[in-house]
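The values are calculated or read from the model by the stated rules, or taken from the named source; none is laboratory data. Treat the numbers as computed from the prediction; the structure is a model and nothing was measured. FYI the Cβ positions are ideal-geometry reconstructions off the backbone, even for glycines, and counts take in every protein chain you see.
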Amino acid sequence: MARTIVITGASDGIGAEAARTLHRNGHHVVIVGRMPQKTEAVAREIGADYHIADYARLDDVRRLAAEINAAYPRIDVLANNAGGVFGDRDKTVDGFEKTFQINHLSPFLLTHLLSEKLIASGASVIQTSSVAARLAGKLIMDDLEHEKDFTAMRAYGTAKLANILFTRELHRRYHPQGVAAAAFHPGVVATSFASGSNSFFRTFYSLGLTRTFMVTPQKGAEQLVWLAEGTPGTDWVSGTYYEKKKPGRINPQALDDALARQFWDRSEQLLGIG
């Protein structure tokens with residue numbers, strides 16, 4: 001059955017590839033991107049609706065949510081795929097560290113603002129996380145933005161850990177109301193990821209030798225497509241983090257239910273919602 005599927009970060013990489021595949025499979029795909037020309041190009045290519053939003057601006061997220069709520073009577077899948085890694089510590093116009101806002105606070109806010117429709121639709125909410133959550137993530141409640149120990153890798157790993165904690169707590173709070181949630185690692189994908197970074201990630205992702213070991217964007221998108229088209233409880237388990245379509249190894253902090261609740265509450269406080 002055709003589903004209405006909203007994919008953020010869909011102007012390039014695995015988001016664009018997932019949008020192409022899901023459109024070919026007969027779904028109503030809605031793509032969201034930061035760059036107008038690239039986003040419109042992908043949308044025109046597949047005949048999809050599109051919206052523009054810069055996750056470094058929370059007002060853009062609020063406008064995006066209003067547009068989506070007004071335009072679509074239901075949302076079957078929300079794929080929170082937008083994200084990135086950056087270099088030196090930098091703050092957004094909203095006053096938050098850029099990595100933390102773009103990867104966590106903005107998708108958290110969008111999900112919150114769409115929550116009534118997601119509940120009414122019995123939707124699935126999918127987070128694009130990363131193995132970096134296990135390798136480098138460390139959530140410190142009194143220093144969520146790593147003011148004391150910032151590195152690009154640490155900030156990114158913590159943001160991806162935040163995606164998993166959000167997934168688990170979203171499941172706990174909203175699964176009884178029919179919403180399912182999952183997070184996944186797409187693999188190390190040969191895309192333009194990190195192109196906007198001045199950290200070592202940009203060099204790492206651009207090396208020819210490194211790219212020979214990466215998966216293609218098409219391969220990286222497979223799990224997103226699988227989760228979007230799958231049936232929670234049958235094909236996958238709500239509240240779970242996946243690698244290669246199987247439950248993945250996880251940062252021990254992601255298993256701390258009390259931390260997940262505390263972090264959710266703190267995220268609401270930072271955003272002035274709840």
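Confirm whether A2 is assigned to a helix (DSSP H, G or I) and either of a type in the set (A, V, I, L, M, F, W, C) or crowded, with 24+ Cβ neighbours inside 10 Å (or both). Spelling it out, it is not the case that A2 is assigned to a helix (DSSP H, G or I) and either of a type in the set (A, V, I, L, M, F, W, C) or crowded, with 24+ Cβ neighbours inside 10 Å (or both). Helices (runs of 4 or more DSSP H) fully within region 150-249 that include at least 3 residues being within 14 Å of the chain's Cα centre (by Cα) and modelled with pLDDT of 95 or more: 152-174, 222-229.
Filtered by the rule that a residue be surrounded by fewer than 16 Cβ atoms within 10 Å (Cβ to Cβ) and out of contact with any Ser or Thr (no Cβ under 8 Å at 6 or more places or on another chain), region 19-40 gives R24, N25, G26, P36, Q37, E40. For region 75-120, residues that are under 19 Å from R62 (Cα atoms) and part of a loop (DSSP other than H, G, I, E, B) total 10. Of all the residues in region 57-110, those that are within 15 Å of G9 (Cβ to Cβ) and touching a strand residue (DSSP E or B) at 6+ places or on another chain (Cβ under 6 Å) number 8. For region 4-61, the set of residues classified as in contact with a Lys or Arg (Cβ under 8 Å, 6 or more places away or on another chain), among the hydroxyl-bearing types (S, T, Y) and within 19 Å of L118 (Cβ to Cβ) consists of T4, Y55, listed by residue number.
For the structure I just gave you, tell me whether R261 is at pLDDT 95 or above, assigned to a helix (DSSP H, G or I), surrounded by fewer than 16 Cβ atoms within 10 Å (Cβ to Cβ) and among the basic types (K, R). Walk me through it before giving the result.
Working: at pLDDT 95 or above: yes; assigned to a helix (DSSP H, G or I): yes; surrounded by fewer than 16 Cβ atoms within 10 Å (Cβ to Cβ): yes; among the basic types (K, R): yes.
The answer is yes for R261.
Annotation: S124 fulfils all but one of (1) at pLDDT below 95; (2) within 14 Å of the chain's Cα centre (by Cα); the unmet one is (1). May I ask you to say which residue of N69, N81 is polar (S, T, N, Q) and crowded, with 17+ Cβ neighbours inside 10 Å? Exactly one of N69, N81 is polar (S, T, N, Q) and crowded, with 17+ Cβ neighbours inside 10 Å, namely N81.
For region 18-74, a residue qualifies if it is over 23 Å from Q223 (Cβ atoms), among the β-branched types (V, I, T) and in a helix (DSSP H, G or I), and the qualifying residues are V61, I68.
Cβ-Cβ distances below 6 Å connect the following pairs, each with a first residue in region 3-24 that is closer than 23 Å to N69 by Cα, a second residue that is part of a helix (DSSP H, G or I) and of a type in the set (D, E, K, R), and a separation of six or more residues or different chains: S11/K38.
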